Amino acid sequence: MIRLSVPFRQALSRLTLPVMLMFSLGLVLIGRADQNFSNHLQIGLDDLLAPAYQLVDGPIEAVESGTGMVGHLFDLDAENARLRAENARLLQWQGVAMALEEQNTALKASLHYTPMPTPRFFTGNVVADLGGVYARSVLVELPGSAESDDGIGNVVGAIAMDGRGVVGRVVDAGGRAARVLLITDLNSRVPVQVGPTGQPAMMAGTNGADPDLIYWAPGHPPAEGAMVLTSAVGGAFPPGLPVGVVHYNGTNDPEVLPLADLASLRLLRLFSYPLSQPQLTPVPRQADMSAGHEHSRTHKRRS
C-alpha cells in the first residue's frame, strides 16, 4: 500500500474540486460542439457498467423473491381456511344441483318432454354493414365447412346470435357470405313471449336502436324489465332464445332493449334449427291446374 504524505494529501484534496469542475466544463463544451458525443458517452458507460448492474441486481432480486416467498408462506394458513370454507359451500351447492337434476328428470318423464334437437351452427366474421333493400343488415363471412353436408341450404333462415342474445335471421346466403336481417330493421317481425308467464307478443323493428313491442294482450301490458324470449309461433324461430328486456318510453308504448350489442357486431354464430322455417305448401302452376280439371271432366264423362 502506498502511503502519501500529509502535505500531498492536503494538496490533492484542494485540487479535487477544481479538477472536477474543469472536467465537467470540458464535457459540456464538447457536448455543445458534438451533439452525438453525450449519446456515445452514455452508451459506452452503460456497456461498461452493465456487468456491474447485473451483479448488483442478482442479489437484490433473490432477496425480493425470498421475501415474497416468506410472506406467501405466512399467508398459506389464511388461504387454506378460505379454500376449506369455499369447498364446503361448493359441496352444499353440489347437493342442491343433484337434487334439482333428479327433480327435473322426474318432471320431464311425467310430462313426456321431448327436448329440442341440437342445432348446427357456423361462426363467421361480420365483414360489411349493408344498406340497400334493408336498412339494418350485416354481411357475415361463412367458413369453408358451411359448404359441406348441404350446409349452405341450411344457412338461409338460420338464427344469428352474438354472445348475449338474438341479432337477427339470415335472409340470403351465397357460397361465401350470408346476409343477416337485424331485429331492428323495419322489415323485421319476431314473435316473442314476455315475462315468466310467456305472454305472446310481436316485436317489430323501427330502423332505430330499439324495436317496438306490439300485439300484446289488451289489458295486460308487459311489465317494465320483463324478459323477452323468442316464440315458436310461425315456425321461424325456436322458442326460448333471449332477445332483450321490456322498457317503456311513454304510456302504453313498450319497446325492447336488445341484449345483443347491435352497434358493434364483430363475430356472429348462425344456428340452423331443423324446424326454424315454416313448411309452405307449394302452389300448383296454372298448366297443372288445367290438366287436373281436364282429367276430372274426363273421369266424370266415363262414369
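The values are calculated or read from the model by the stated rules, or taken from the named source; none is laboratory data. This is a predicted model, so every value here is computed, not measured. Glycine also receives a Cβ, built like all others from the backbone with ideal geometry; neighbour counts cover every protein chain displayed.
For THR197, state whether it is part of a loop (DSSP other than H, G, I, E, B), in contact with a Leu (Cβ under 7 Å, 6 or more places away or on another chain) and in the same structural domain as MET161 (by TED's automatic domain parsing).
No.
Of the conditions (1) part of a loop (DSSP other than H, G, I, E, B); (2) modelled with pLDDT of 55 or more; (3) of a type outside the set (Ser, Thr, Tyr), GLY244 satisfies every one except a single condition; which number is it?
The number of the failed condition is (1).
Any chance segment 94-108 includes a residue that's without any contact (Cβ under 8 Å) to a residue 12 or more places away in the chain, within 30 Å of VAL180 (Cα to Cα) and of a type in the set (S, T, N, Q)?
no
If a residue must be surrounded by 10 or more Cβ atoms within 10 Å (Cβ to Cβ) and of a type outside the set (Phe, Trp, Tyr), how many such residues does segment 103-119 contain?
9
Contact list please: Cβ distance under 8 Å, first residue in segment 184-206 and at positive phi, second residue surrounded by fewer than 21 Cβ atoms within 10 Å (Cβ to Cβ) and part of a strand (DSSP E or B), pairs at least six apart or on different chains.
So the pair list comes out as GLY195/MET227; GLY198/LEU229.
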